[in-house]
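One structure is given below, encoded as structure tokens.
The values are calculated or read from the model by the stated rules, or taken from the named source; none is laboratory data. Note that the structure is predicted; figures quoted are calculated from it, not measured. All Cβ positions, glycine included, derive from the backbone under ideal geometry; neighbour counts span all protein chains shown.
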Amino acid sequence: MDRLCGSGELGSKFWDSNLSIYTNTPDLTPCFQNSLLAWVPCIYLWAALPCYLFYLRHHQLGYIVLSWLSRLKTALGVLLRCVSWVDLFYSFHGLIHGSSPAPVFFVTPLVVGITMLLATLLIQYERLRGVQSSGVLIIFWLLCVICAIIPFRSKILSALAEGKILDPFRFTTFYIYFALVFCALILSCFKEKPPLFSPENLDTNPCPEASAGFFSRLSFWWFTRLAILGYRRPLEDRDLWSLSEEDCSHKVVQRLLEAWQKQQNQASGSQTATAEPKIPGEDAVLLKPRPKSKQPSFLRALVRTFTSSLLMSACFNLIQNLLGFVNPQLLSILIRFISDPTAPTWWGFLLAGLMFLSSTMQTLILHQYYHCIFVMALRLRTAIIGVIYRKALVITNSVKRESTVGEMVNLMSVDAQRFMDVSPFINLLWSAPLQVILAIYFLWQILGPSALAGVAVIVLLIPLNGAVSMKMKTYQVKQMKFKDSRIKLMSEILNGIKVLKLYAWEPSFLEQVKGIRQSELQLLRKGAYLQAISTFIWICTPFLVTLITLGVYVYVDESNVLDAEKAFVSLSLFNILKIPLNMLPQLISGLTQASVSLKRIQDFLNQNELDPQCVERKTISPGYAITIHNGTFTWAQDLPPTLHSLNIQIPKGALVAVVGPVGCGKSSLVSALLGEMEKLEGVVSVKGSVAYVPQQAWIQNCTLQENVLFGQPMNPKRYQQALETCALLADLDVLPGGDQTEIGEKGINLSGGQRQRVSLARAVYSDANIFLLDDPLSAVDSHVAKHIFDQVIGPEGVLAGKTRVLVTHGISFLPQTDFIIVLAGGQVSEMGHYSALLQHDGSFANFLRNYAPDEDQEDHEAALQNANEEVLLLEDTLSTHTDLTDNEPAIYEVRKQFMREMSSLSSEGEVQNRTMPKKHTNSLEKEALVTKTKETGALIKEEIAETGNVSRVDMAWGR
């Protein structure tokens, strides 16, 4: 380095202790100032450039318009580059004219000029990538100013001491350089405007952290406004900021899902390679171990998803740990300075300033580390919950029988929380050994081999804590099993609370819950004892290490004297050593619980899923909305097929009814179209969006309006139409808050019919292409069912032109359908139009014979109870279809035609039809007797007489 700085009038040595340390007016040599001090900012920028470019390449925030601020920054960068090149050309000019300047005057301007060119280009590249405030460039300009302060002072002192300026040209260019660098630092503290083509932010109260500057992020100044507002008045929901885009679940969960999918693909690929057919010899077959199936690693998926956050937190933690060992060294120097009366006074001020600066930097970086690691923990928990929830939606029915809802809830609530709890301590896996090694190294320098006594204490305690952690892991596994059992039992109790109350089974179930809870508490108590023992040992460890180390140091040699420097520096190092040792119990406990949770989550995620390709949604026969070719479906692989040999083709815009006896597979057919059954063979094609109305209405715990909208934007006209056609307007008048009424869990404050109509209104509002309606009219009254069919489902309803698959038991709506699918025993027995199926006299005719008389009888009883006039009652008694009024001629004619067909079938001598006249006669006689009762006016007494009369008539018909 001395040869780099040359000799002569402008030359100097690289380092001079008498000039820099042992003097009352300290200064650095010109060689040191022109070389290393000028290179420090350049080295920093070039070292940070690869990581920063990688970050910018993967974070496109938009495009910032070229503003005056950006132009000024660019102009300053160009001027700084010009100043550096002017210095370089001046050196060449002196070389040409025989002055032979030192090599440092060529190297330094060249390095600084190239670095300034890089900084100028980086300013523009950041603008193109949408960076509003650059922390990398702020630190670069700050280092340039700090490193230029020493030459700024030295040149003035040198000119005053010499009485003249030795090199006026370089003196002038340096102060121009200093002014430009200082202006660049000031300008870099200002933010640019938001990116022009960034995604539109629709949040009314966005989080200010995303647009905060570098110093605002470093000092958390962006949070000050909310803290002041909370001081002035209690905070409300509208005061809280929205989540930033990077913290939202749709971003975080998708990243983890992609990483998990890669792990699954790698595992399946390795299994495929292992399963390649080979023909080994007999000995090889017998002696070769069975290959283990490779399972996808959920831990690797987590690490790959959050690698950037882990690396960032690790960098912060490393810098913070290294800064923690600076103060003990400065303390040692400060004690020696106090002990030396001949030391210069400025040493004390410099050491105090360095200790303050070190502590300040350590605090800033520590809080940045905490912010980074806790945000990562929040994202980690969000991602795990999202992945488990999505897995729960696609698992097969056989897995659902094994994994209860309570276990899934446990995975999302308890096991996901374990990862969030252990995340703040995860860096202790490498930082704790690093801190222990550095502390012991510095203690060795102070106390010598006596430091090994403390190491021996730490090593001896490791096996003890290992045994404790293994026992805690065993207890954790047992506790999670008891927790699953308790949550499963509590879910069953809450679901069947009505039956439990009616039968007064509270004490019995209370004892069962108490028994499980007692077993769980015993394990928690044992685990707490072990945790207390582990914590006590590790808390006592720093004290034992300090006591044993210092005691061994004093007693091993009489010449060893424990003076102030050794005592205080050793204590500060022991205090640093105490931090990782105190954290180790929490790390061990957290890792134990997280390992158990990791295994549970990984086992759940490796369960079988429904095939997403079992329903083809891209290719389908022209003109059809739903097609099934030779479809065979089952609910589980170990169960026989529920539906088999299905061949169905449903045209676009058709209204199709699916009928059949109970248990024939009507609801299973709808589930097969939704892809919720396992397809054994065949091809299923569904074209367009699908809306599904289940037999048991699914209601969210939110307002009625939110239940209908279901996350879609509000369209007032379509919303009002959905409410009107689904007969919900009258219900809105009854509900206390109208459509803003909060609906309880599972629709507890709605009746069964209201829940079904809300579910139907949700489907109507969705405006899908295909509607799968699983018997939605069974939960509503007959007149409401007629209204819904006419206004919604039927040919004149709002869904006219849409493809509708209606599962129903009501035969009064069948004549208005386009065609009917009749299921029997899991197969399609008949399919065609109503009249064609009626003439065919097959399964559909049998279905009508079984359901039509009962429906007629129920309709007769309802009409008789609601009749107010004697004449109307008589007309209803003589009518063959009492549930239709005079203003329904079309359906009335269809029913009369049906009864005539049934009469003709019975007259042909079929045995299975002989019961029909008997039932019909019985119903007519009952109506006649009820009419007679109406005439007498004594309802209760005549009902008793009526029963006897009916019995006698039945006996007469029996004879």
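Structure notes:
- Test: residue 89 is in contact (Cβ under 8 Å) with a residue 12 or more places away in the chain, farther than 30 Å from residue 212 by Cβ, of a type outside the set (Gly, Ala, Ser) and in a helix (DSSP H, G or I): no
- All of 84, 134 fail the test of being touching a residue at least 40 places away in the same chain (Cβ under 8 Å), within 24 Å of residue 14 (Cα to Cα) and under 59 Å from the mean Cα position of the chain (by Cα), apart from 84.
- Qualifying residue in region 317-328 (condition: outside any helix (DSSP H, G or I), at pLDDT 90 or above and either under 46 Å from the mean Cα position of the chain (by Cα) or not small (Gly, Ala, Ser) (or both)): yes
- Residues that are in contact (Cβ under 8 Å) with a residue 60 or more places away in the chain and surrounded by fewer than 16 Cβ atoms within 10 Å (Cβ to Cβ) occur at least once in region 343-351.
- Residues located in region 115-145, provided they are closer than 19 Å to residue 37 by Cα and among the aromatic types (Phe, Trp, Tyr): 140, 141
- Region 146-182, residues that are over 22 Å from residue 73 (Cβ atoms), hydroxyl-bearing (Ser, Thr, Tyr) and touching a residue at least 24 places away in the same chain (Cβ under 8 Å): 154
- When residues in region 665-698 are screened for being farther than 20 Å from residue 615 by Cα and crowded, with 22+ Cβ neighbours inside 10 Å, 1 of them pass.
- Pairs are defined by a Cβ separation below 7 Å, a sequence spacing of at least 6 or placement on different chains, a first member in region 40-67 that is of a type in the set (Phe, Trp, Tyr), and a second member that is in a loop (DSSP other than H, G, I, E, B); the pairs so defined are 63/130; 63/195; 63/196; 63/197.
- Flag if residue 797 is at pLDDT below 90 and at positive phi: no
- Within region 692-708, residues that are free of Cβ contacts under 8 Å to residues at least 24 places away in the same chain sit with their Cβ atoms under 9 Å from residues that are in a loop (DSSP other than H, G, I, E, B) and of a type in the set (A, V, I, L, M, F, W, C), at 6+ positions apart or across chains, in these pairs: 696/779; 706/743.
- Residue count for region 164-191, restricted to those that are in contact with a Gly (Cβ under 9 Å, 6 or more places away or on another chain) and at pLDDT below 90: 3.
- When residues in region 681-695 are screened for being part of a strand (DSSP E or B) and of a type in the set (Lys, Arg), 0 of them pass.
- Members of region 54-73 that are assigned to a helix (DSSP H, G or I) and of a type in the set (A, V, I, L, M, F, W, C): 54, 56, 68, 69, 72
- Scoring residue 768 on the criteria (1) surrounded by 17 or more Cβ atoms within 10 Å (Cβ to Cβ); (2) in contact with a helix residue (DSSP H, G or I) (Cβ under 9 Å, 6 or more places away or on another chain) leaves a single failure, condition (2).
- Condition met for residue 223 (assigned by TED's automatic domain parsing to the domain that holds residue 64 and either closer than 30 Å to residue 305 by Cβ or in a helix (DSSP H, G or I) (or both)): no
- Residue list for region 27-36, restricted to those being surrounded by fewer than 19 Cβ atoms within 10 Å (Cβ to Cβ) and either under 54 Å from the mean Cα position of the chain (by Cα) or of a type in the set (Lys, Arg) (or both): 36
- Only one entry of 762, 849 meets the criterion of being of a type in the set (Lys, Arg), at pLDDT 85 or above and either out of contact with any His (no Cβ under 6 Å at 6 or more places or on another chain) or over 29 Å from residue 687 (Cα atoms) (or both), and that entry is 762.
- Residue ranges of helices (runs of 4 or more DSSP H) in region 376-481 with at least 1 members touching a residue at least 40 places away in the same chain (Cβ under 8 Å) and buried (at least 20 other Cβ atoms within 10 Å of the Cβ): 405-410, 416-422, 428-447
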